[in-house]
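Here is the structure we will look at.
Since every read-out is calculated from the coordinates, none of them should be taken as a lab result. A quick note: this is a predicted structure, and the numbers were derived from the prediction, not measured. Here the Cβ positions follow ideal geometry from the backbone for every residue, glycine too, while neighbour counts run over all protein chains shown.
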Amino acid sequence: MDLVTHLRVEIWFWTNPKQADTHWENDLLHLVKEKTLLLLDRGFYHFAFWQELIDKKIDFITRIKKGASYQVEQVLTSSYDIKDRIIKIGSVTKKTPIITVRLVEIRSGKVWHSYLTSVLDRRILPPYVVAGLFHSTRARSLSISLEINL
């Protein structure tokens, strides 16, 4: 979905409803241009794919999986309601390379929402913008899915 026009850029359809999102990774890599920001759901939680995006100068935001293991490299912000850190995540295998990303955590009431982004400069993508982009687009996508299913 284009965040400016709110229109779908591309729609892919597979006949197998249980087909994993990872089957679309190559299509996505060919479709998306440099300096694009992708909002990825957890179906694209694949470190080698993220590294390919980073290598092609395509940025992303996604949610971190619960229990993910990472190493903090630098603390950018640590306050009552925001934690913003540069981390290394992954392992030393071809399938899960170690990559450097930002872990942005925002408190909403008593709940922390955690996001990963390849945009390392918080001046370009501040923490609340990370959360706002992800949630506004997710809500819009869910409402479109609900409209289609009615």
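The simple spin-label model puts a point 7 Å past each Cα toward its Cβ; for residue 26 and residue 86 those points are separated by 3.5 nm.
Extension gain for residue 110-residue 69 works out to 12.5 nm (0.36 nm per residue, less the C-alpha to C-alpha distance). The trypsin sites (Lys or Arg not before Pro) of the stretch 70-120 that DSSP puts in a loop, and whose beta carbon has at most 10 other beta carbons within 10 Å, are 94, 95, 110. Label sites at residue 56 and residue 76, each approximated as a point 7 angstrom past Cα along Cα to Cβ, lie 2.3 nm apart.
From least to most packed, judged by other beta carbons within 10 angstrom and beginning with the fewest, 36, 117 follow the order 36, 117.
Over 19 Å between Cα atoms, which of 33/57; 33/95; 35/66; 83/110; 66/88; 35/83 qualify?
Details: 33/57 8 Å; 33/95 24 Å; 35/66 29 Å; 83/110 14 Å; 66/88 16 Å; 35/83 25 Å.
Pairs exceeding 19 Å: 33/95; 35/66; 35/83.
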